[in-house]
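What follows is a short report on a single structure.
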């Protein structure tokens, strides 16, 4: 819980950072927005935006935070020393021992933060074979599923048509009509995507990008809605 609290505090500290008038002008320029467009998006008057940008207004911290939120929802990132840029995907490659164990921890933390932020509790998994997961993390898998349950998080798993091993509740699975044996499982959680490579050496590639995660989430749900659920056994 200490790690989670540290991340939450970091997120709060970043959200409390006050952007400058120069950053607002630069962010508008990146998006090609007029002052009127920004004013409409932030629910303020155009003259208020003009005053902020000309340093003649006296905006509250709440107003500046709202303007920042508008820009950030359009993939603008604010940097130290008045920097501004489009948000770049963050890519991390983990090929050290126990990479998949660390991934489970990241899934739990990132998915929980995403739920608190958006209300979305789903963790989406494409192409998973539970035998590989069990071989990789052993008893940790059951503990991971229990903490997801306690946090109100739920997995949706698109598995191979011949899958016979089910670790999560049966309602978590739907069968794909076909799946290549060489398919690596893909997990979509929060604003992240992870690709797990099992053999001959296990490694995990993680991409952090709101745009990419949102696009893959939409694609996953289309596939999910088109597949059959796992039949209940007697």
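Only the coordinates and a few stated rules stand behind these numbers; no lab work does. Please read all numbers here as calculations on a predicted model, not as lab measurements. Because the Cβ atoms are built from the backbone with ideal geometry, glycine has one as well, and the counts that use them run over all protein chains shown.
The value of relative contact order for the chain, using C-alpha pairs under 8 Å at least six residues apart, is 18 percent. Per-residue Cβ neighbour counts within 10 Å put 98, 106 in the sequence 98, 106, beginning with the fewest. Compute the long axis of helix 210-226 from its Cα atoms, compare it with the longest principal axis of the Cα atoms of the chain, and write down the angle in degrees, 0 to 90, nearest 10. For 210-226 against the chain, the angle is about 40 degrees.
Within 10 Å of each residue's Cβ, count the other Cβ atoms and sort 228, 102 from fewest upward.
With the fewest neighbours first, 228, 102 line up as 228, 102.
The listed peptides 163-170, 85-92, ordered by packing as a protection proxy, come out as 163-170, 85-92 (highest mean of other Cβ atoms within 10 Å first). Seen through its C-alpha gyration tensor, with square-root eigenvalues sorted a ≥ b ≥ c, the chain comes out prolate because a/c lies at 1.5 or above while a/b is bigger than b/c. Full extension of the chain between residue 34 and residue 215 yields a length gain of 62.4 nm, computed as 0.36 nm times the residue separation minus the alpha carbon distance. Legend: ranking of residues 108, 221, 173 from fewest to most surrounding C-beta atoms inside 10 Å; resulting order 221, 108, 173. Taking a ≥ b ≥ c as the square roots of the eigenvalues of the Cα gyration tensor, the range 90-229 is rounded, since a/c falls below 1.5.
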